[in-house]
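One structure is given below, encoded as structure tokens.
The values are calculated or read from the model by the stated rules, or taken from the named source; none is laboratory data. Predicted model, so just to flag it, every value in this text is computed and none were measured. Note that we place each Cβ from the backbone using ideal geometry, even for glycine, and neighbour counts take in every protein chain shown. For accessibility, only protein heavy atoms count, side chains too; no ligands or nucleic acids. Shrake-Rupley method; radii C 1.70, N 1.55, O 1.52, S 1.80 Å.
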Amino acid sequence: MLVKYIARLMAAPVILGALTAYAQEQPLPTLGDRESAVLSPFEEEEIGQAFLMELRRTVRTVNDPILKYFVRTNMYELAEHSDLTSGKLYPVIIDAKQLNAFAAPGGIIGVNLGLFRFAEDVHEYSSVVAHELAHLSQRHFARRLDQQRQLAIAHLFGFLTSAAVLASGATDAGLAGIVGTYSMVEGEALKYSRSQEREADRIGFNALTEAGFDPFGASRMFERMGTQDEASEFLRTHPLSQDRVADLRAQAQSAQLAEYEPDHEYQLIRVRALQRFVDTTTSSTRNPDTVTGQELHDKYELALILHQNGRHDEAIAAMQEVIAAMPTSILAVSCYAELLTKSNRVEQAIDVLEKALADTPDNAPLSVLYARALKSANEYSKATSVLQKQARILSDDVDIWFELAETAGLADDIVEVHRARAEFYALRGEYGEAISHLQHAKKKNNGASFRLEASLDQRILELRERAEAGAS
């Protein structure tokens with residue numbers, strides 16, 4: 001189906017070459033039906049889903065329920081103040097230390113883990129996300145496609161695939177092969193025109209300030225990018241000029257000034273992200289004495305280092321100071337409960353999580369960490385039930401389906417193992433594997449449950465139709 005849509009687009013009449021070249025650097029109207037005539041929102045969704053499947057198969061992403069919760073929550077908070085007409089977003093965290101972020105059609109926003117290294121506060125981080133949301137709301141992909149409709153179909157698909165590889169900083173042979181096969185122009189994937197970048201700056205700035213973030217967040221980020229080599233990957237796909245920096249600074253200066261309290265949650269998340277870059281290939285551990293700050297995030301960092309050094313009681317004591325100051329923070333409670341579980345204080349972790357879930361039922365990170373604590377207590381069936389509910393709520397989360405399959409296996413629920421694995425493979429576009437697992441589930445059921453049999457048959461039919469549509 002994806003190829004069919006793109007083939008139709010490529011067959012459209014071509015504007016004179018000179019006009020097309022001129023249009024690549026000129027702003028196009030943000031209103032009207034021009035973009036939909038080239039690529040409808042439905043077609044954008046189809047392309048986005050195909051890209052997302054490729055992303056899940058080929059790029060290493062972050063499976064951390066706490067980090068994912070922050071990224072998702074922040075993204076939707078900004079989206080409420082954006083010009084987006086669709087409420088469905090697909091946030092993805094790429095497990096790469098390089099600073100980068102990208103937007104792809106169909107509501108996909110990717111952020112590299114390295115963004116947390118570079119963005120020193122929540123306002124700077126949010127300015128990048130708001131900018132990417134603006135690319136989506138202004139349908140820059142469709143507009144750029146209108147300018148480049150003569151490209152080959154395979155190259156167009158590679159326009160997306162190579163972007164994820166480029167953003168991830170991956171260099172292994174497998175991903176390099178994907179770049180070689182699909183890349184439209186090396187280094188140009190998801191690189192919007194300068195005029196579109198400036199438009200995204202303006203639209204993103206409005207969303208940033210209306211959501212209550214510091215208007216100087218964007219200009220601080222860009223000014224620092226211009227002085228640090230580690231920003232080079234981001235700048236390759238987001239052309240930056242002194243005029244853009246000056247414009248953002250001028251916009252911020254004209255905005256209403258306000259005082260901004262330190263965002264302790266973001267700083268906790270930043271510490272958590274930075275810990276993933278600590279070298280774990282050696283037996284050496286960090287010295288707790290290197291943490292001298294007294295801020296809440298310093299205490300969290302200290303707790304993590306103490307835990308790494310096997311000093312679990314001290315680690316928990318340090319984390320309890322954080323919880324005392326942030327008792328209602330889902331992120332802080334999640335970090336604390338995780339530390340308790342890893343320190344073999346499973347019953348205490350379960351108690352903390354059950355109390356938190358009583359206030360915020362079915363919360364994603366709390367539920368996943370609750371399931372993990374239950375697994376540590378050998379309560380596999382209960383953990384499976386918790387994850388089954390999460391999988392229904394976040395049905396597009398490939399990590400939850402994978403964890404559900406593993407947990408159901410411990411509970412000896414083989415039918416659920418196969419059903420969860422089927423959904424895992426379906427989200428990656430590997431329909432043959434998905435259907436095979438559903439057939440195994442049918443065989444294991446062996447007619448014992450007519451309702452289950454009907455459900456499995458229906459899902460097999462749906463996946464076969466998807467596979468056929470993708471191949472047509």
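Observations on the structure shown:
- Condition check for Lys375: at pLDDT 95 or above, out of contact with any strand residue (DSSP E or B) (no Cβ under 6 Å at 6 or more places or on another chain) and within 30 Å of Lys355 (Cβ to Cβ): yes
- For the residues Asn309, Asn378, the requirement of being of a type outside the set (A, V, I, L, M, F, W, C) and over 20 Å from Pro288 (Cα atoms) singles out Asn378.
- Which listed residue is within 26 Å of the chain's Cα centre (by Cα), within 26 Å of Ile323 (Cα to Cα) and part of a helix (DSSP H, G or I), from Ala420, Ala371, Ala358, Ala408: Ala371
- Residues that are within 21 Å of Glu46 (Cβ to Cβ) and either surrounded by 14 or more Cβ atoms within 10 Å (Cβ to Cβ) or over 33 Å from the mean Cα position of the chain (by Cα) (or both), drawn from the range 434-461: Ala434, Ile435, Arg459
- Residue list for the range 410-425, filter: open to solvent by 40 Å² or more (accessible area, probe 1.4 Å) and closer than 20 Å to Leu461 by Cβ: Arg419, Arg421, Tyr425
- Positions within the range 423-472 being part of a loop (DSSP other than H, G, I, E, B) and over 19 Å from Ser395 (Cβ atoms), in sequence order: Asn446, Gly447, Ala448, Ser449, Ser472
- With respect to the conditions (1) touching a Leu at 6+ places or on another chain (Cβ under 7 Å); (2) of a type outside the set (Val, Ile, Thr); (3) open to solvent by 40 Å² or more (accessible area, probe 1.4 Å), Leu387 falls short on a single one, namely (3).
- Pair list, Cβ under 9 Å, 6 or more apart: the range 322-350 residue part of a helix (DSSP H, G or I) and basic (Lys, Arg), other residue open to solvent by less than 30 Å² (accessible area, probe 1.4 Å) and at pLDDT 95 or above: Lys342/Ala349
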